[in-house]
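Worksheet: one structure, shown below.
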């Protein structure tokens with residue numbers, strides 16, 4: 001009878017809360033008593049010290065070290081001081097909404113203003129977020145608002161998408177089904193907090209998917225699926241299409257070309273609906289690549305031919321060049337260099353016209369290889385002829401020697417009966433610019449020489 005009965009879970013939890021409350025009261029009582037001016041000065045000193053620590057961490061000669069100091073910038077110092085003073089007055093009046101709004105306004109002013117003061121904006125936004133966490137009288141509106149704004153700041157200005165993601169997930173969850181927005185704080189172009197949070201979340205998820213694709217493409221594809229859902233939540237069709245496009249790329253990287261082809265076909269439909277001309281072109285290029293991987297060559301060729309017509313019909317110079325390049329590569333890989341070379345030559349000129357030097361130089365190499373492949377049968381025939389007896393065999397040997405020693409062309413009508421059109425090798429227009437040289441022609445020669453040496457050794461054996 002004297003034994004104590006065990007406490008019920010409810011009583012145990014109640015006692016635990018009472019002990020915690022007593023502990024908090026004890027800790028508060030042990031704090032030094034400060035007047036309002038002292039509190040404000042202490043917070044300002046913390047900010048000044050924080051900036052000093054940042055400068056020490058990055059170095060005086062760094063970008064951080066070259067930023068203006070808060071305690072030397074009177075205008076901003078006064079703005080912060082008066083803002084803290086007003087927030088403190090609201091706090092003592094138990095007007096939490098006004099206190100949060102003052103910190104939020106200050107945080108937006110510095111956080112979305114000049115880059116030199118982003119660090120200050122972040123510290124004030126953290127303060128606003130901390131205060132709002134305990135405020136639920138408005139159904140979570142202030143929490144959702146501040147978490148969205150702070151998450152937006154971290155993502156767009158600080159590049160901290162991981163931390164921004166968690167804040168935006170919370171904001172989205174709090175604002176489901178509401179009409180809350182940040183129009184008063186950020187401008188009239190803002191949609192609801194739910195929609196804006198979803199838009200930023202799908203962008204963050206695409207970044208996450210790109211990172212995952214480097215080591216686990218299938219994981220990247222799964223993240224893209226979630227990104228599509230967030231874009232769909234925001235009614236952002238272009239965002240949905242972008243996520244599906246990246247999903248297809250991830251599936252291609254993972255070796256699942258069949259799934260990738262389906263994704264790209266669906267992307268094509270979405271981009272057409274959104275009238276995204278560049279997106280339509282990109283989808284066709286990726287779809288053609290996927291079909292090539294699964295051996296559907298006619299479907300791949302159809303996509304590329306349609307790409308060329310679409311780009312020409314919509315006046316898209318870059319994709320006109322890409323279409324010629326892709327078609328040239330297709331025919332080259334299919335063993336038809338006579339079809340590939342003229343397409344690649346056109347691609348070179350188109351890339352030059354739009355100032356895309358990198359692609360132009362890459363296509364030069366492909367055109368050189370293609371033109372060289374066209375000459376291989378003729379060169380092999382010349383080698384075989386050189387083994388004959390009599391004057392014709394001697395003439396063929398002379399042509400081979402001249403080609404080897406002085407690079408005298410062996411495929412011209414003047415020097416032989418070969419029907420190869422020399423103009424196909426002249427795919428670098430000398431009128432393009434003075435910096436263009438004959439390196440690509442030399443590459444053709446080097447390629448031919450490299451490959452026919454093997455054939456000569458086989459003949460000698």
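Does region 64-76 contain any residue that is assigned by TED's automatic domain parsing to the domain that holds residue 139, surrounded by 13 or more Cβ atoms within 10 Å (Cβ to Cβ), modelled with pLDDT of 85 or more and assigned to a helix (DSSP H, G or I)?
yes
Residue by residue through region 348-368, note down the ones that are over 22 Å from residue 290 (Cα atoms) and surrounded by 19 or more Cβ atoms within 10 Å (Cβ to Cβ).
348, 350, 351, 352, 360, 364, 367, 368
Among the residues of region 178-189, count how many are within 28 Å of the chain's Cα centre (by Cα) and within 17 Å of residue 230 (Cα to Cα).
Residues in region 178-189 being within 28 Å of the chain's Cα centre (by Cα) and within 17 Å of residue 230 (Cα to Cα): 0 in total.
Can you find a residue that is within 28 Å of residue 340 (Cα to Cα), modelled with pLDDT of 95 or more and surrounded by fewer than 19 Cβ atoms within 10 Å (Cβ to Cβ) anywhere in region 240-250?
No: zero hits.
In this structure, is residue 155 surrounded by fewer than 24 Cβ atoms within 10 Å (Cβ to Cβ), closer than 19 Å to residue 202 by Cβ and at pLDDT 95 or above?
Here the answer is yes, as residue 155 does meet what is asked.
Considering each residue of region 255-281, count those that are in contact with a helix residue (DSSP H, G or I) (Cβ under 7 Å, 6 or more places away or on another chain), part of a helix (DSSP H, G or I) and without any contact (Cβ under 8 Å) to a residue 40 or more places away in the chain, and give that number.
16
Kindly evaluate residue 284 against the criterion of being surrounded by fewer than 17 Cβ atoms within 10 Å (Cβ to Cβ), assigned to a helix (DSSP H, G or I) and in contact (Cβ under 8 Å) with a residue 24 or more places away in the chain.
No; evaluated as a whole, the condition is false for this residue.
On the basis of being under 23 Å from residue 130 (Cα atoms), without any contact (Cβ under 8 Å) to a residue 12 or more places away in the chain and either under 41 Å from the mean Cα position of the chain (by Cα) or outside the structural domain of residue 184 (by TED's automatic domain parsing) (or both), does residue 101 make the cut?
So residue 101 fits the description; yes.
Would you call residue 80 surrounded by 13 or more Cβ atoms within 10 Å (Cβ to Cβ) and either part of a loop (DSSP other than H, G, I, E, B) or in contact with a strand residue (DSSP E or B) (Cβ under 6 Å, 6 or more places away or on another chain) (or both)?
So residue 80 fails the test.
So is residue 212 assigned by TED's automatic domain parsing to the domain that holds residue 270 and within 20 Å of residue 155 (Cα to Cα) or not?
Taking the combined requirement at face value, the residue satisfies it.
Listed here are the residues, each with its yes/no results for (1) buried (at least 18 other Cβ atoms within 10 Å of the Cβ); (2) part of a helix (DSSP H, G or I); (3) not assigned by TED's automatic domain parsing to the domain that holds residue 94.
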site: 121; (1), (2), (3): yes, yes, no
site: 130; (1), (2), (3): no, yes, no
site: 137; (1), (2), (3): no, no, no
site: 145; (1), (2), (3): yes, yes, no
site: 151; (1), (2), (3): yes, yes, no
site: 166; (1), (2), (3): no, yes, no
site: 197; (1), (2), (3): yes, yes, yes
site: 200; (1), (2), (3): yes, yes, yes
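Got a number for residues in region 231-254 being over 22 Å from residue 280 (Cα atoms) and in a helix (DSSP H, G or I)?
1
Scan region 169-179 and tell me whether some residue there is touching a strand residue (DSSP E or B) at 6+ places or on another chain (Cβ under 9 Å) and surrounded by fewer than 16 Cβ atoms within 10 Å (Cβ to Cβ).
There is at least one residue in region 169-179 that is touching a strand residue (DSSP E or B) at 6+ places or on another chain (Cβ under 9 Å) and surrounded by fewer than 16 Cβ atoms within 10 Å (Cβ to Cβ).
Being without any contact (Cβ under 8 Å) to a residue 40 or more places away in the chain and either in contact with a strand residue (DSSP E or B) (Cβ under 7 Å, 6 or more places away or on another chain) or within 29 Å of residue 232 (Cα to Cα) (or both), is that true of even one residue in region 320-329?
Looking for residues that are without any contact (Cβ under 8 Å) to a residue 40 or more places away in the chain and either in contact with a strand residue (DSSP E or B) (Cβ under 7 Å, 6 or more places away or on another chain) or within 29 Å of residue 232 (Cα to Cα) (or both), one finds none in region 320-329, hence no.
The values are calculated or read from the model by the stated rules, or taken from the named source; none is laboratory data. Computed from a predicted structure; not experimentally measured. Cβ atoms come from the backbone with ideal geometry, glycine included; neighbour counts cover every protein chain shown.
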